[in-house]
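Quick note: the coordinates plus some simple rules give every number you see, no bench work behind them. Just so we're clear, the structure is a prediction, and the values are computed from it rather than from any experiment. For neighbour counting, all protein chains shown are included, and Cβ atoms are generated from backbone atoms with ideal geometry for every residue, glycine included.
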Amino acid sequence: MARITAGVFTSHIPAVGAAIDLGKTAEPYWAPMFKGYEFSKQWIARAKPDVIFLVYNDHASAFSLDLIPTFAIGCADRFQPADEGWGPRKVPEVIGHPELAAHIAQSVILDEFDLTIVNRMDVDHGLTVPLSLMFGQPEAWPCRVIPFAVNVVQYPPPTGHRCFQLGRAIRKAIELFDEDLNVQVWGTGGMSHQLQGPRAGLINKAFDTAFFDRMLSDPEGLARMPHIDYVREAGSEGIELVMWLVGLGALKAAPRQVHRFYHVPGSNTAVGHLILENKK
Amino acid sequence: MALEKPYKDIPGTTIFDMELARKGYHLNQFCMSLMRPENRAKFKAGPRAYLDQWPMSEEQKQAVLARDYNRMIAAGGNIYFLAKIFSSDGLSFEFAASSMTGATPQEYRQMMLAGGRSPEGNRRIGEK
């Protein structure tokens, strides 16, 4: 049987991808941030996931304003890095797990989560930067990845509660898959940041700290937080944090925190990172 | 009954809601076209002629030509779409964000290194 062993949560800042790709990770600006992921690289080398169910958002790369799916599951064999305006990142192609993806889609749609099924899609920094942060620069990614895109660009995104409940349905689906697979669920984006307007550069450490704490102490209450609280307190783009709730909902109750890291700034953003393991 | 839009009183912040997305559709789709290298080359070679291929408002076109991101956002642009413009210009998100705040890129970076813009006094219009 497939099982979810851990959740990984991390920001997915494009400048971080550029720093890795251009060999700038040891520069004084970036070194303290990358230090926070050293443990994570060692941890994941031991954890050896077979599949990552990777919750992220597309940033006007695969989806324009022509089509805006709230939840989209990537069911393809493989996904290419997107050209976001400066050429595609030179990172390995992403190998999917179409059988598990199709299984999850069939299960959660019948559980009343109306996913969009995607059989062709390029993946942008929202997906590839977390992979780079956790795995560095390998020739090929060491595991399969199911891209799961959440709309957080066109307001309103799905509610935190909906994301959390969807996570639960995804857990149920994965546990019903017959193959013996070690699956991790990742929630990406955030933490506090605002990229637009005169209020750009907003960072709210108190909000971010409370968010981390409540993921462990009060996940269901956290999932009830209304959008206005994210936008007002954590910036217009801070609302990406609803994607962490999909990952959190996919974990069993009372997971164990194995790593937590917070750093300001990563470009315009508060970099947040958390690893939670399911109890065996 | 009108829908509640509680985010309208946040200072210096434009939420890309359904209303703005309708207004900005062609502006944002123009931005999407810049994901193709041949289109980036055409836009660079003749910005006005390239913009004139899109049914955008004159205000939207002028805002793009002026690289005034606050004006583009007011005209329905979304920052992730507008990113295609400054990426084509070889500029970073940090640079573009600073341009919207009135700070120089150096001042903006210094603010971020010092922990970013505080939410204190920045939650509601008119708040002290």
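General observations
- Relative contact order, whole percent, for the stretch B:16-88 stands at 49, derived from Cα pairs under 8 Å and 6 or more residues apart.
- Calculated over the stretch B:1-121: convex hull of Cα atoms, volume per residue (Å³): 120 Å³
- Mean separation of Cα contacts under 8 Å, 6 or more apart, over the residue count of chain A: relative contact order %: 31 percent
- Summed residue charge, Cβ within 15 Å of A:ASP58's Cβ, Lys/Arg positive, Asp/Glu negative: -4
- Cβ neighbours within 10 Å from other chains - mean over B:72-78: 2
- Along principal axes, Cα extents of the stretch A:3-277, largest first, whole Å: 47, 42, 41
- Relative intensity, log₁₀ I(q)/I(0), of the stretch A:16-81 from a Debye sum that treats every alpha carbon as a point, q = 0.14, 0.19, 0.24 Å⁻¹: -0.72, -1.03, -1.09
- Check: the protein assembly as shown dipole with +1 on Lys, Arg Cβ and -1 on Asp, Glu Cβ, in debye: 640 debye
- Gaussian network model of chain A, Cα within-10 Å springs - most flexible of A:GLY17, A:GLY247, A:GLY197: A:GLY197
- Computed [θ] at 222 nm, deg cm²/dmol, chain A (DSSP H ≥ 4; -39,500 (n - 2.57); rounded to nearest 500): -10000 deg cm²/dmol
- Contact order, relative form, for chain B: 30 percent (alpha carbon pairs under 8 Å, 6 or more residues apart, mean separation divided by residue count).
- Net +/- balance of residues flanking A:PHE207 in space, Cβ distance below 9 Å, scoring K and R +1, D and E -1: -2
- Cα-centre dipole for the stretch B:1-102 with unit charges at Cβ (Lys and Arg positive, Asp and Glu negative), debye to 20: 340 debye
- Each other residue within a Cβ distance under 13 Å of A:GLY249 adds +1 if Lys or Arg and -1 if Asp or Glu, for a net charge of +4.
- Taking only alpha carbon atoms, the stretch A:160-280 gives an Rg to Rh ratio of 1.00, where Rh is the Kirkwood radius.
- For chain A, built as a Gaussian network whose Cα springs stay under 10 Å, the top-fluctuating residue of A:ASP111, A:ASP50, A:ASP66: A:ASP66
- Helix-only mean residue ellipticity at 222 nm for chain B, each DSSP H run of n ≥ 4 adding -39500 (n - 2.57), per residue, nearest 500: -15000 deg cm²/dmol
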